[in-house]
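What follows is a short report on a single structure.
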Amino acid sequence: MRSKQLWLTTSLLAVIVITTVLNNISVTATTPPRPITAAEARQRIEAHRALIDKRFKEMDTLFYAGNAVATLKAAFQKNNVSDRRETQNWGMNGLSSGWLDAKTFYNIHDKALRDSLTVIGRLATVKDSDLAYLDQSMKAWQTQEAELQRLFQEAVAVYTRYAINADKQDAIYADIEKRRTAAKERSLAEWQRVYEATKLEATERLKPVELEKKQIDEAYNKVWQNIKELSKKQLFTAINLSADEATSAGSLKADKDKYKSDEPIVVTFNNLPGNAKDWITIVKATAKADTYGEYYYTAGQQQGKQSFAALPEGKYEARLYYNWSAGGYTVQARYAFVVADPKEWRVIALETERYGLNDLENGKILKAVEKAAQKFLNKVDPKAGKLAENLPKVFSINQAVDVFITYACVNQVTDTILNTQVIKLDDKDSVHWWAEDAKGFGKRAMQDNRERVIKVRKPQVGCP
């Protein structure tokens, strides 16, 4: 009897365990992942973009153009290092130039997120796995971006070491010179003795300083190589639609990602439901969903192209909506693009001054030279005459002068001047403008040198 009861008890427990396991399996198999609305997905992706933008601006504040020079000066001051004449060059051609290359790391990942926004704009819901991929990828991005920031701070430290090393050299030379000067005041013989003795001493004292500089050179090369390699890394790409999603979702695409302000915008649309009042519009990228600009109904077409008028410079989106007015302002698809005209630095004025007076006012200019000068500038930039209110008027005759070149940042499409910079040439470059007469000014070699100087001295920054 007890054996039978034990068997029944054991069987009942087995049934309970099996039932529980089956129930769990059933729940696991039949419960789908939580769908994420396109609006929620967009919010999460925009948060990632905001982080990239924040980190980008932090780096830009430290290492772009004049900011890089200021960063170096602050580091030198903190380490009680002299503000050396090399600081400007180290900042502009070292840190700032390296930062221009490093921007790629931020731009390619922001583009992957922007492309992901375009993808989810075609859907009502998004798979959790897609967003999980972006979330995990951004964690990896933050780790690598922190390393990039550390490398730039290491570069600042390397330049600081260069400055400290240079201060050591200067101190040695100053000490030797001080002792030689003191000896010279006593007697010529004493000066000769000290001079010979300090030559060998200077060599010995400089050896550890020169060895230290070689070590700094190695650190310099290593840090910039690491920055270069990290800047090219692409840690993730845009999410993709599944085959089912791709065939069922309406889509649109501009024929280019970047337009000039005189080009019409052409948008291609596909897989629309075919309502008479499905419609497409173009608005600023930051515009709310209920904003519209130039728009067109698709008249029941499920695919086709639509041309829009040219737009001013800016960031835009083409947006797709279904079945007005029943569909409301729910964006079904979007495509981001930019309108940006190419810019360039052009020379628009050349002027000279002698003894603080304009040559023309001083009565020393020959008409023939003035004519040769204007002819030269028009050759360098045929559009300069349209842009400049003050074309070159004055050039030196028979003596050296200061030469000033005015460059303008010009929109190549509209020919409008955005800003200007005036560059004063040093004597090494100014000599190509010194001439005794018009014939001398027009010599082929002098013309070639002037053209070379104008190209070389063109500003490197400040023309967006």
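The values are calculated or read from the model by the stated rules, or taken from the named source; none is laboratory data. Since the model is a prediction, treat every value here as computed from it, not as a measurement. Positions of Cβ are backbone-derived with ideal geometry, glycine not excepted, and every protein chain shown enters the neighbour counts.
Values computed for the structure shown
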| read-out | value |
| --- | --- |
| Single condition R84 does not satisfy, out of (1) assigned to a helix (DSSP H, G or I); (2) in contact (Cβ under 8 Å) with a residue 40 or more places away in the chain; (3) over 19 Å from E154 (Cβ atoms) | (1) |
| Filter pass, N226 being in the same structural domain as N80 (by TED's automatic domain parsing), farther than 23 Å from R84 by Cβ and at pLDDT 90 or above | yes |
| The range 63-76, residues that are touching a residue at least 60 places away in the same chain (Cβ under 8 Å) and crowded, with 19+ Cβ neighbours inside 10 Å | F63, T71, L72, F76 |
| Scan of the range 182-207 for residues that are surrounded by 12 or more Cβ atoms within 10 Å (Cβ to Cβ), among the polar types (S, T, N, Q) and within 18 Å of A171 (Cα to Cα), ordered by number | T198 |
| Qualifying residue in the range 64-73 (condition: of a type in the set (D, E, K, R) and at pLDDT 90 or above) | yes |
| Any hit, the range 294-303, residues being modelled with pLDDT under 95 and in a strand (DSSP E or B) | no |
| V194 being over 28 Å from V81 (Cβ atoms) and not polar (S, T, N, Q) | yes |
